[in-house]
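Below: one structure, written as structure tokens.
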Amino acid sequence: MQAKQTKVVDTRRYDNLFAMRTFIALLMIAVHTFSALAQDNGIAVMPGAEYVLRNVATGTYLMKDGTTTTDEEAASNWRVVTNDTIHFGDKEHLYFVHSDEIIMQMNNSGLGWSVKFSPEANQTYVMPSETTAGTFKFRYRYMASTRYLNVEVAADGSERLTAAHTSSPYNDWEFVPTSHPKNYRYRLMSMDRSSGNTKYAIAYRSHDPKGQEIWLSGWMAVPTDSEGGSSTADHVLFSTHYTLTKTSQWPTVSDPIDGLSFTFTSNKPVMVEPDYYGCGITEQYDNPYCAADIMAEESVDMLIIAHDLLRDLHQMDCSTGAFPTYGIGSSQGASIILACQRYVENSPKVSEDERKAINWVRTCACAGCYNPISTLSHYYVTNELSVPSVVPFLLMGMVVGCPDIFGETRAEDFFSEAFLKAGILELIRSKNYSSEEITEAMKNHSVATMKEMLSEEAKDLNSDISQKLLKALGQSDLTRDWSPKADIKLYYHPEDAVVPHLNLVSFVNGLKDRCQGKLETQQTLLSVHVMACTDFFARMIFGSYKE
């Protein structure tokens, strides 16, 4: 296919009963804390584990459509999908339970109480049984009205679920580990619903840099109809965040700044943003900073799994590609979002069905490290760094992100004795300090230049560790070995002191003749790196990613 000519342009709260259909299943543990409930009553329920629910009196199992069955293998799987607790007073915790994302509700439409199963949910409480250790009761309470989930047995032996007025022997239930587990790919950590929109923190299945299965975390925002069920979005905005080093900054902890793109755009997208490995629920690990392959794989895993949640809870079928994906990212996020586009378009790990469902249309990126070899070489030559903390982030990221290259080599091997004694790596790994605070600490300890922070072996480009580093950096080079299919627009400023302008030049020169979509560039109004990214986000917030 003939390449198109490059165009260079210089220029979280829960609703009350009357909301009736909040999305997520709520099983609120009343009377005791969940830990006390487990200890006192022997209910050993683990987040992410799967169970069938058995009625103690009848011995039958609860199905997701509200019927019962005597066949345990045919019974619906239920699971606790969050390990986060939300306190109401000092006694009650909040948990979520799903069966194929089907939620049990107790409803009162004005004509009496009923039991309903659907992807939409109201609040249902769990309380320990007063009679049988290890069992519990489902209860719904609103003001002075309380109802219990009951099983009524008819004369012909058939059963039906009702919302009973009083407690009865039929109301005792127990969690039984299932003999036919399903491989669920995500679990909910928290949900915030307001103004008809829902924001999620989710955990999702992926792989760490060594290929081991792991749970990672990410943030999602979904616009919905007035009842909080079906989504009103017509596209997906996939965002990869800039450098964040502090626990309080993770997208799942604090709504990301690019989340304003969800809040202020008139045609709100579904927004998806991963925390990254080394952030969020995996913050105990080093972040594979700018290690393009693993960062892309882990991030795209969330995008693919987000389609499951959209189908399960919001009636969005992404399988046909009807909800196209737009990617945005700045600084660290800029290189990652382009790596994600490359991964979606080229990786054999992405199936054709997944590629069709994602339907990647366009990427907008600002001030990214697209050519890490040239970037680090620039730092070596200039020695003086406006944000010196970027260097240890990059070196640590390559070591953790490319274990097949570095083997037994440690990040510590790259740094001078003075740098190690200053405790900078400990500051970074604590996840208690921002990049600005880490930079200040480096300056205070006089380890803020390349000569001061690097070991003698790291300064020798012919050394073993330097050769490993060059190989890893080359593997993360986004400026070659790729023929982008979707459109790309790069924002930059030629005087950016953090991410050298040569990154943009290298990307354009390397790919302009091979781009199958449009490749455009746009100079930002301000030259300071942070302000250039702010300019970029201001454009994205108001929908420029679709222009």
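Numerical summary
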read-out	value
Diffusion constant of region 192-340 at 10 °C, which comes from Stokes-Einstein with the Kirkwood Cα-pair radius and 1.306 mPa s, µm²/s	104 µm²/s
Test item: Cα-centred dipole of region 227-351, Lys/Arg +1 and Asp/Glu -1 on Cβ, debye	240 debye
Relative contact order %, region 354-441, counting alpha carbon pairs below 8 Å whose residues are six or more apart	27 percent
Residue pairs, from the table LYS246/LYS459; LYS518/LYS546; LYS246/LYS489, whose Cα atoms sit over 18 Å apart	LYS246/LYS459; LYS246/LYS489
Bins of 10 Å, starting at 0 and running to the largest distance - Cα pair percent for region 148-204	17, 22, 27, 29, 5
Neighbourhood net charge (15 Å Cβ-Cβ; Lys/Arg +1, Asp/Glu -1) for THR439	-3
Burial ranking of peptide ranges 505-514, 379-388 (average Cβ count within 10 Å, highest at the top)	505-514, 379-388
Accessible-area composition of region 486-547, carbon plus sulfur, in percent [1.4 Å probe]	58 percent
Three-way shape label, region 180-280, alpha-carbon gyration tensor, a/c 1.5	oblate
Region 385-438-region 496-517 distance, computed between alpha-carbon centres (Å)	27 Å
Rounded, prolate or oblate (a/c below 1.5 giving rounded, otherwise prolate when a/b exceeds b/c) for region 391-460 by Cα gyration tensor	oblate
Net +/- balance of residues flanking LYS471 in space, Cβ distance below 13 Å, scoring K and R +1, D and E -1	-3
Exposure ranking of PHE393, PHE323 by accessible area [1.4 Å probe, largest first]	PHE323, PHE393
Heavy-atom accessible area order for VAL344, VAL176, largest first, 1.4 Å probe	VAL176, VAL344
Theoretical FRET efficiency, 1/(1+(r/R0)^6), r = Cβ-Cβ of THR263 and ASN183, R0 22 Å, to 0.05	0.05
Order of exposure, largest accessible area first, which applies to GLU520, GLU440 with probe 1.4 Å	GLU440, GLU520
Prolate/oblate/rounded label for region 287-347 (Cα gyration tensor, a/c 1.5)	prolate
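The values are calculated or read from the model by the stated rules, or taken from the named source; none is laboratory data. Bear in mind that the values here come from a model prediction, so they are computed numbers and not experimental data. We place every Cβ from the backbone using ideal geometry, glycine too, and count neighbours over all the protein chains shown. Please note that ligands, DNA and RNA were not included when accessible areas were found on the heavy atoms of the full protein model with its side chains. Shrake-Rupley method; radii C 1.70, N 1.55, O 1.52, S 1.80 Å.
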